[in-house]
Amino acid sequence: MRHLRYGIIVLVVAALALGFSGCRGKPDPEADDVAAVEDVAVVPAGPATERRVLVLCYHAMSDGATATYDVPTGDFAEQLALLDEEGYESVLPAQIADYLEGKGDLPEKAVCITFDDGPESILTESKPLMDEHGYTGAAFLIADSVGGSGKLTWDQVRELEAAGWEIGSHTACHEKPTKLDADACMAEFEGSRETIAAEIEGDCAALAYPFGLYDAGVVARAREAGYRIAFTIDRGPADWTTDIMMVPRQMLVNGNSLKTFGRWLEQEKLHLEDVTPAIGERMETSAPEFTATVADEGVSPGELEISRDGNPVTYLIDEATRTVTFTPELSEGANNLRVNYYGSPRREVSWVVVYEAS
Ligand SMILES: [Zn+2]
């Protein structure tokens, strides 16, 4: 497995073996055999530790919620209690960014609690419960709908920020970023970042892709728009191997049991290497062949379950190279490829594949 570590660049200026000592122009007997360490620079090349962080994605919350994406307040209270009982500390997107950039560490048990779409219930329902556990979270706002019906107002956004929450962008209009042309996508990313940054104290450095949709172009534009970190709704925890512009989040929906929630807390990321076609590459055929190497020792490639939008996908295994090959039948638009390992510990990874017939 590839472990990114601090890269230490040491520039060594070799001894001038012939007794010639640089600009002084005269032989210097004392310079013989001296290897001078001219400069030592520590370049952050990635995380220095092997941490894992479960990022949760919520929307609105209410008592007796019935809508699919609304979580009943009582369920959230139970989930928070379990996190607290298990010793989880809450972290913000900026801390995850620091960690992934090798500028800071994360607690051993880290959870990041995020909310999309900016519903007012963040302040009225979710935050009071989180306060009881000393947890803070992140709100990803749809910039153009702040102050709208059922949404936070800018004053409420500032109230969250003052309480230690991080405010991020969920774009201006919540369009599917993979369906926008490059200019429209940039306008959504850049415009919302500027609108939000103008209203809050801090920077708006984190983005949550609407509908969790991305491809390589979308990711490049998020970076170009000035975001430091971006979140998907891919499954499985983030860890030291996670791409900072594609951080997975486990989305919570109405009806997730506490048992399921507990399993998400326990599971690890499934590490695939050399995924081909690369993650983010747009497909022009409906049945492309994928290959990936299973990097986790102890995970037998034959025990994986691979699926496309919940439909099982059969695969071939090369035991010698631990490589799996599979050919999912893609639907037009966005597809979710998911690989699960149900051994101990459970492991999961998923990613978005966009297919557009040419
Ligand atoms: Zn959304």
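The values are calculated or read from the model by the stated rules, or taken from the named source; none is laboratory data. As the structure is a computational prediction, the values presented were derived from the model and not from experiment. With ideal geometry, Cβ positions are generated from the backbone for all residues, glycine too; neighbour counts draw on all protein chains shown.
Okay, residues lined up against (1) surrounded by fewer than 17 Cβ atoms within 10 Å (Cβ to Cβ); (2) at pLDDT 95 or above; (3) outside the structural domain of R235 (by TED's automatic domain parsing):
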| position | (1), (2), (3) |
| --- | --- |
| K26 | yes, no, yes |
| A31 | no, no, yes |
| A35 | yes, no, yes |
| A60 | no, yes, no |
| A65 | no, no, no |
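Of the conditions (1) surrounded by 19 or more Cβ atoms within 10 Å (Cβ to Cβ); (2) in contact with a Lys or Arg (Cβ under 9 Å, 6 or more places away or on another chain), I306 fails just one. Which one is it?
So the condition that I306 fails would be (1).
Looking only at segment 139-157, decide whether some residue is under 30 Å from A48 (Cα atoms) and surrounded by 23 or more Cβ atoms within 10 Å (Cβ to Cβ). Outline the logic, then answer.
Step one: filter segment 139-157 for residues under 30 Å from A48 (Cα atoms), giving 139-140.
Now narrow it down to the ones that are surrounded by 23 or more Cβ atoms within 10 Å (Cβ to Cβ): 139-140.
Yes, segment 139-157 contains a residue that is under 30 Å from A48 (Cα atoms) and surrounded by 23 or more Cβ atoms within 10 Å (Cβ to Cβ).
Quick one: L56 ticks every box in (1) under 15 Å from the mean Cα position of the chain (by Cα); (2) modelled with pLDDT under 95; (3) within 16 Å of the ligand (Cβ to nearest atom) bar one, so which box is it?
All conditions are met except number (2).
Check whether at least one residue in segment 213-228 is under 10 Å from the mean Cα position of the chain (by Cα) and in contact (Cβ under 8 Å) with a residue 12 or more places away in the chain, and report yes or no. Talk me through it step by step, then tell me what you get.
If we filter segment 213-228 for residues that are under 10 Å from the mean Cα position of the chain (by Cα), which is where we start, we get none.
Within segment 213-228, not a single residue is under 10 Å from the mean Cα position of the chain (by Cα) and in contact (Cβ under 8 Å) with a residue 12 or more places away in the chain.
Working only within segment 164-187, note down all residues that are surrounded by fewer than 24 Cβ atoms within 10 Å (Cβ to Cβ) and under 19 Å from R282 (Cβ atoms).
Of everything in segment 164-187, those that are surrounded by fewer than 24 Cβ atoms within 10 Å (Cβ to Cβ) and under 19 Å from R282 (Cβ atoms) turn out to be E175, K176, T178, K179, L180, D181, A182, D183, A184, C185, M186.
Would you mind stating whether E194 is in contact (Cβ under 8 Å) with a residue 40 or more places away in the chain and out of contact with any Leu (no Cβ under 8 Å at 6 or more places or on another chain)?
On the way: in contact (Cβ under 8 Å) with a residue 40 or more places away in the chain: no; out of contact with any Leu (no Cβ under 8 Å at 6 or more places or on another chain): yes.
Considered against the rule, which asks whether it is in contact (Cβ under 8 Å) with a residue 40 or more places away in the chain and out of contact with any Leu (no Cβ under 8 Å at 6 or more places or on another chain), E194 comes out as no.
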